[in-house]
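See structure below.
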Amino acid sequence: MEADIRTHQRATSVRRAGPESEVTLDGGRHLAARAVAAASGAFERPYRSALPSLEEFAGQVLHAADHRSPAPFAGGRVVVVGAGNSAVQIAAELAATARVTLATRGPVKFAAQRILGRDLRFRTALTGLDTAPLGRFLPHPPAQPVLDGGRYRAAPAAGQPDRRAMFTGTDGTKLIWPDGEREEVDAIVLATGYRPDLPYLAPLDGALDAEGNPRHREGLTTDAPGLAFVGLDWQHRPSSNSLRGVCRDAERITRRPATHLPRR
């Protein structure tokens with residue numbers, strides 16, 4: 001069976017049209033289908049977590065997605081928010097030319113990148129953990145440790161960057177730390193992760209929650225007949241958001257058409 005593959009055509013909306021879904025492409029063209037699989041990834045929308053009075057901060061605020069070089073921050077005072085790989089790596093990079101603090105809600109956890117000469121991903125694949133159906137037992141993805149060969153664990157330990165508990169507020173270009181200290185800061189870098197970018201599903205009742213996140217159970221929707229998801233973070237297994245895992249989830253979705261196809 002041949003597949004109708006169309007490149008350079010973005011879906012702008014999906015809506016119900018009787019027993020089928022109508023997919024509108026940019027340019028105004030329409031496609032009709034009994035089922036739609038949203039497979040546009042889990043890391044398209046930079047996520048800005050709610051932080052105390054961040055919107056009132058008068059200094060520079062940018063997301064890690066917009067960070068390109070440490071040069072603009074040289075000699076400045078920078079706070080990087082986050083406890084994941086991107087946060088620690090960006091903070092360590094900036095600390096070479098700026099005074100940097102890594103602000104987190106809790107201790108930063110590290111895991112060895114290589115164990116007995118093998119990458120950690122090899123070990124998780126070998127043990128089956130990578131493909132275990134853990135998504136059904138964990139409604140929210142667990143916090144991931146920073147994978148490290150030793151360099152990034154050593155950086156905060158040496159104070160470059162230092163780590164502090166999350167600031168409690170802002171005052172102009174100053175941050176207010178938990179101990180009450182008010183400190184002048186030039187820039188805040190938010191290394192707070194990403195979310196799926198699914199505005200094209202907004203016309204489809206039941207597809208998204210109030211924050212624009214997909215409503216599903218292991219990739220299948222219950223409130224939006226005819227819709228399924230592929231490639232979400234911890235959708236069904238730890239590797240669901242990666243190339244090594246998405247193929248398994250795609251096969252699983254297509255094997256269960258009765259659960260997500262609308263009746264004619």
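A few remarks follow.
Table: residues versus (1) acidic (Asp, Glu); (2) surrounded by fewer than 18 Cβ atoms within 10 Å (Cβ to Cβ); (3) more than 11 Å from residue 188 (Cα to Cα).
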site: 57; (1), (2), (3): no, no, no
site: 66; (1), (2), (3): yes, yes, yes
site: 72; (1), (2), (3): no, yes, yes
site: 86; (1), (2), (3): no, no, yes
site: 92; (1), (2), (3): no, no, yes
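- Checking each residue of the range 179-189 against the condition of being in a loop (DSSP other than H, G, I, E, B), within 23 Å of the chain's Cα centre (by Cα) and farther than 24 Å from residue 67 by Cβ gives no match.
- Number of the exception - residue 248 against (1) modelled with pLDDT under 90; (2) surrounded by 21 or more Cβ atoms within 10 Å (Cβ to Cβ): (2)
- Residues in the range 31-75 that are part of a loop (DSSP other than H, G, I, E, B) and charged (D, E, K, R): 34, 44, 48, 68.
- Of all residues in the range 222-233, those satisfying the criterion of being over 17 Å from the mean Cα position of the chain (by Cα) and buried (at least 22 other Cβ atoms within 10 Å of the Cβ) are 224, 227, 228.
- Residues considered: 186, 197. Of these, the only one that is touching a strand residue (DSSP E or B) at 6+ places or on another chain (Cβ under 6 Å), more than 25 Å from residue 75 (Cα to Cα) and open to solvent by 50 Å² or more (accessible area, probe 1.4 Å) is 197.
- Residue match in the range 162-175 (condition: in a loop (DSSP other than H, G, I, E, B), of a type in the set (Ser, Thr, Tyr) and open to solvent by 70 Å² or more (accessible area, probe 1.4 Å)): yes
- Residue selection: residue 23 satisfies the criterion of being within 22 Å of residue 246 (Cβ to Cβ), assigned to a strand (DSSP E or B) and either in contact with a Ser or Thr (Cβ under 8 Å, 6 or more places away or on another chain) or open to solvent by less than 30 Å² (accessible area, probe 1.4 Å) (or both).
- Flag if residue 192 is open to solvent by 60 Å² or more (accessible area, probe 1.4 Å) and part of a loop (DSSP other than H, G, I, E, B): no
- Close pairs from the range 1-23: first farther than 24 Å from residue 44 by Cα, partner in a strand (DSSP E or B) and among the charged types (D, E, K, R), Cβ under 8 Å, at least 6 apart: 16/22
- Enumeration of residues in the range 93-110 that are aliphatic (A, V, I, L, M) and within 19 Å of residue 192 (Cα to Cα): 94, 95, 100, 102, 103, 108
- Among the numbered conditions (1) at pLDDT 85 or above; (2) out of contact with any Asp or Glu (no Cβ under 6 Å at 6 or more places or on another chain), the only one that residue 263 does not meet is (1).
The values are calculated or read from the model by the stated rules, or taken from the named source; none is laboratory data. Because the structure is a prediction, the values reported are computed rather than measured. Note that we place each Cβ from the backbone using ideal geometry, even for glycine, and neighbour counts take in every protein chain shown. The area values use the complete protein model at the heavy-atom level, side chains included, leaving out ligands, DNA and RNA. Shrake-Rupley method; radii C 1.70, N 1.55, O 1.52, S 1.80 Å.
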